[in-house]
Amino acid sequence: MQMSARNATAVTSSTGNSESGQSDRTDWTAYATSYDLLSEHNPAYRALLDDFRSFLGTIERPGLIYDIGGGTGNYTGIAAAAFPDSRIRLIEPDPGMLARAKSKLAAHDNVEYEGRSLETTGVTEPADLVVCVHALYTMPRQEQRLSDLRRLVRPGGLLYLVDIGRSLDLSDWRGFLFRHIVRETGLLGAIRIFWRGREITRQNNAIRRSQDAGVFWTFDAGVLASKAEAAGFEVLRQEQAYRGYSDLVVCRAAP
Ligand SMILES: C[S@@+](CC[C@H](N)C(=O)[O-])C[C@H]1O[C@@H](n2cnc3c(N)ncnc32)[C@H](O)[C@@H]1O
């Protein structure tokens with residue numbers, strides 16, 4: 001699926017949904033309050049983190065790493081622990097997400113925080129590694145954003161990119177997570193965790209509405225790799241991830 005015309009011109013914010021009375025806009029600050037229940041209880045999210053950790057084990061120490069749309073800092077935290085002598089810049093426009101990342105990662109003195117979007121991130125110093133997970137699809141004009149990512153990576157440097165391309169089937173996720181959490185904690189535990197995670201449900205509903213409206217980007221499997229190639233990356237690895245909802249690509253910036 002190619003980028004829709006609406007997506008090409010849309011901005012990430014959108015108007016309220018007057019029919020349902022719910023807002024279409026994803027409230028990342030509200031999401032930040034319970035986002036990390038994902039890393040605790042969603043095995044598909046944990047598998048992504050494990051893949052990133054393993055990937056870091058295969059590369060030479062990067063001097064400078066950018067984590068774009070770094071959210072609550074889960075990827076930055078893994079990189080900071082794996083490479084305590086590297087510098088990591090977490091770029092995140094949402095103040096709630098950024099505050100959560102700062103408090104979680106306070107023990108790491110090799111992390112710098114920038115409250116800005118990818119679009120407004122200047123390239124003062126190109127990175128050896130850029131990480132961007134589940135953030136690109138929320139941004140406007142993906143082809144330009146991929147060019148922005150290309151500018152952030154030094155020639156020969158690496159991009160670790162994961163993005164949700166398929167529309168979130170919320171009942172599929174609910175069933176998957178409920179079954180898993182019941183096995184982990186029992187029925188009562190699962191009901192408690194779902195109650196604590198109700199903000200996640202609310203925000204995932206908003207994400208789905210934005211996907212349906214073409215405000216958030218959706219794409220078929222394999223498209224992320226071809227878009228990355230078009231932006232000047234050589235694709236070293238590509239696969240589906242996150243239960244088939246996402247594409248994962250590892251790329252090298254052409255010299
Ligand atoms: C689903 S979260 C992913 C967070 C983190 N990368 C992870 O996988 O845990 C998407 C993040 O993208 C951020 N974001 C939205 N628009 C952005 C933009 N234009 N530039 C950079 N980040 C953006 C949001 O604020 C949010 O924190």
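Screening SER117, SER39 for residues that are not in a loop (DSSP other than H, G, I, E, B) and not charged (D, E, K, R) leaves exactly one candidate, SER39.
Under the condition of being more than 15 Å from the chain's Cα centre (by Cα) and modelled with pLDDT of 95 or more, the residues counted in region 122-139 number 4. On inspection, GLN211 does not qualify as within 14 Å of the ligand (Cβ to nearest atom), in a helix (DSSP H, G or I), surrounded by fewer than 17 Cβ atoms within 10 Å (Cβ to Cβ) and at pLDDT 95 or above. Modelled with pLDDT of 95 or more and either more than 20 Å from the chain's Cα centre (by Cα) or within 16 Å of the ligand (Cβ to nearest atom) (or both): is that true of GLY16 in this structure? Answer is no for this residue. When you check TYR242 against the structure, is it modelled with pLDDT of 95 or more, of a type outside the set (D, E, K, R) and within 18 Å of ASP36 (Cα to Cα), yes or no? Yes, satisfied.
Quick grid of which residues meet (1) under 25 Å from TRP28 (Cβ atoms); (2) aromatic (Phe, Trp, Tyr):
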position	(1), (2)
LYS104	yes, no
ARG116	yes, no
THR121	yes, no
HIS134	yes, no
LEU146	yes, no
GLY157	no, no
TRP173	yes, yes
LEU177	yes, no
ILE193	yes, no
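Residues that are more than 19 Å from PRO126 (Cα to Cα) and near the ligand (Cβ under 8 Å from one of its atoms) within region 38-72 comprise LEU38, SER39, TYR45, LEU48, GLY71, THR72, listed in sequence order.
Has region 93-101 got at least one residue that is in contact with a helix residue (DSSP H, G or I) (Cβ under 9 Å, 6 or more places away or on another chain), among the basic types (Lys, Arg) and more than 12 Å from the ligand (Cβ to nearest atom)? No, that holds for no residue. Restricting attention to region 216-235, the residues that are in contact with a Gly (Cβ under 7 Å, 6 or more places away or on another chain) and in a helix (DSSP H, G or I) total 2.
For every residue, the table says whether it meets (1) on the phi > 0 side of the Ramachandran plot; (2) touching a residue at least 12 places away in the same chain (Cβ under 8 Å); (3) part of a strand (DSSP E or B).
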{"site": "ALA99", "(1), (2), (3)": "no, yes, no"}
{"site": "HIS108", "(1), (2), (3)": "no, yes, no"}
{"site": "GLY122", "(1), (2), (3)": "no, no, no"}
{"site": "LEU129", "(1), (2), (3)": "no, yes, yes"}
{"site": "VAL162", "(1), (2), (3)": "no, yes, yes"}
{"site": "GLU184", "(1), (2), (3)": "no, yes, no"}
{"site": "LEU188", "(1), (2), (3)": "no, no, no"}
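For region 140-153, check the following and say yes or no: at least one residue is under 20 Å from PRO93 (Cα atoms), under 13 Å from the mean Cα position of the chain (by Cα) and in contact (Cβ under 8 Å) with a residue 24 or more places away in the chain. No, there is no match, as no residue in region 140-153 is under 20 Å from PRO93 (Cα atoms), under 13 Å from the mean Cα position of the chain (by Cα) and in contact (Cβ under 8 Å) with a residue 24 or more places away in the chain.
Cβ-Cβ contacts under 7 Å between residues 6 or more apart (or on different chains), taken from a first residue in region 75-94 that is at negative phi to a second residue that is charged (D, E, K, R) and assigned to a loop (DSSP other than H, G, I, E, B), are listed as PHE83/ARG61; ASP85/ARG61; SER86/ARG61; ILE91/ARG116; PRO93/ARG116. Reported count of residues in region 152-165, each being within 14 Å of the ligand (Cβ to nearest atom) and either of a type outside the set (A, V, I, L, M, F, W, C) or surrounded by fewer than 18 Cβ atoms within 10 Å (Cβ to Cβ) (or both), is 3. Can you find a residue that is more than 15 Å from CYS132 (Cβ to Cβ) and part of a helix (DSSP H, G or I) anywhere in region 236-247? No, because not a single residue in region 236-247 is more than 15 Å from CYS132 (Cβ to Cβ) and part of a helix (DSSP H, G or I). For the residues VAL111, VAL123, VAL130, the requirement of being loosely packed, with under 15 Cβ neighbours inside 10 Å, of a type outside the set (D, E, K, R) and more than 8 Å from the ligand (Cβ to nearest atom) singles out VAL123. With the structure loaded, tell me whether GLU229 is touching a residue at least 40 places away in the same chain (Cβ under 8 Å) and either within 14 Å of the ligand (Cβ to nearest atom) or of a type in the set (Asp, Glu) (or both) or whether it fails that test. Spelling it out, it is not the case that GLU229 is touching a residue at least 40 places away in the same chain (Cβ under 8 Å) and either within 14 Å of the ligand (Cβ to nearest atom) or of a type in the set (Asp, Glu) (or both).
The values are calculated or read from the model by the stated rules, or taken from the named source; none is laboratory data. This structure is a prediction, so every number in the text was calculated from the model and none was measured. Here the Cβ is made from the backbone with ideal geometry for all residues, glycine too, and neighbour counts use every protein chain on show.
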